[in-house]
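S.K.: Let me begin by handing over the structure; questions about it come next.
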Amino acid sequence: FTTEFIEKTKHYKVLRYMDWMQTNGSTQSTWGNRPKPNDTAYSTKGVPAEVMVKLANKLYADPWFTLPHQATDDYITRFAELAHEQLDPGRKVYVEYSNELWNNGFIQTSYTRTQGVLLWPSQSSTPWVAGWNYVGYRTSQMCDIWKSVWGADSSRVVCVLGSQAANSSISKTILDCSLWTGSGGDCARHVDALAIAPYFGSSATLDNLTYGWSTSTTQT
């Protein structure tokens, strides 16, 4: 990493690698097809896990990985093993299943709806409900795999559920995941953090945004 790049990024304490991993519309599913350090370029499949971990170690920052929506259990297991082996022991790791799985503009959202209807055909008339339940189902499986792989260090794994700031019912449906009988209708017990994806920019200062959230009477 160049000195200039490190200087620009050294102030950040958590690095969410969503774009580096080319999460949106990812075609990755098997570990053998993942980006590798000796690839001729990182613009095709994304940045290798080894490089992302190396940057986190360099900056003394916690990495946040957004795993591909089609990732197999083996892919998730091997990614967790690599991160556990190479990440500095003083660092936490944030793990999220894909990105914005409520956003109809992304392929991964269509995928989760299709998978949800396959699991729960009775929900074919409301595929979005089946999809949100599938997100809870697959997020729970991903979290359990990471915690198991990290074993005694599992407290350093922060399992994140991504949802939408503007619609709290999505979060509730995913966390309840009542269609998945294997979880007892409670995906929340597998998750450590809820990330609701608010955006802010030129129209809202950080101070005003923080004040608005901290004084809201609808927070749960």
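The values are calculated or read from the model by the stated rules, or taken from the named source; none is laboratory data. Please read these numbers as outputs of a predicted model, since none were measured by experiment. With ideal geometry, Cβ positions are generated from the backbone for all residues, glycine too; neighbour counts draw on all protein chains shown. Remember, those area values only see protein heavy atoms, side chains included, never the ligands or the DNA or RNA. Shrake-Rupley method; radii C 1.70, N 1.55, O 1.52, S 1.80 Å.
S.K.: Quick check on the range 151-168: of everything there that is of a type in the set (A, V, I, L, M, F, W, C) and surrounded by fewer than 18 Cβ atoms within 10 Å (Cβ to Cβ), which residue is farthest from Thr77 (Cα to Cα)?
M.R.: Ala166
S.K.: Another question about this same structure. In this structure, is Val129 open to solvent by 20 Å² or more (accessible area, probe 1.4 Å), in a helix (DSSP H, G or I) and of a type in the set (A, V, I, L, M)?
M.R.: Yes.
S.K.: Pairs only if they're at least six apart or on different chains, beta carbon under 6 angstrom, first in the range 42-64 and in a strand (DSSP E or B) and modelled with pLDDT of 95 or more, second of a type in the set (Val, Ile, Thr) and open to solvent by 10 Å² or more (accessible area, probe 1.4 Å); list them, first residue then second.
M.R.: Pairs found: Asp62/Val14; Trp64/Val14.
S.K.: Can you name every residue in the range 5-26 that is over 16 Å from the mean Cα position of the chain (by Cα), assigned to a loop (DSSP other than H, G, I, E, B) and in contact (Cβ under 8 Å) with a residue 12 or more places away in the chain?
M.R.: Within the range 5-26, Lys10, Tyr12, Lys13 meet the criteria.
S.K.: When only residues in the range 19-61 that are of a type in the set (D, E, K, R) and under 30 Å from Asn104 (Cβ atoms) count, which is least open to solvent (accessible area, probe 1.4 Å)?
M.R.: Filtering the range 19-61 for residues that are of a type in the set (D, E, K, R) and under 30 Å from Asn104 (Cβ atoms), the one least open to solvent (accessible area, probe 1.4 Å) comes out as Arg34.
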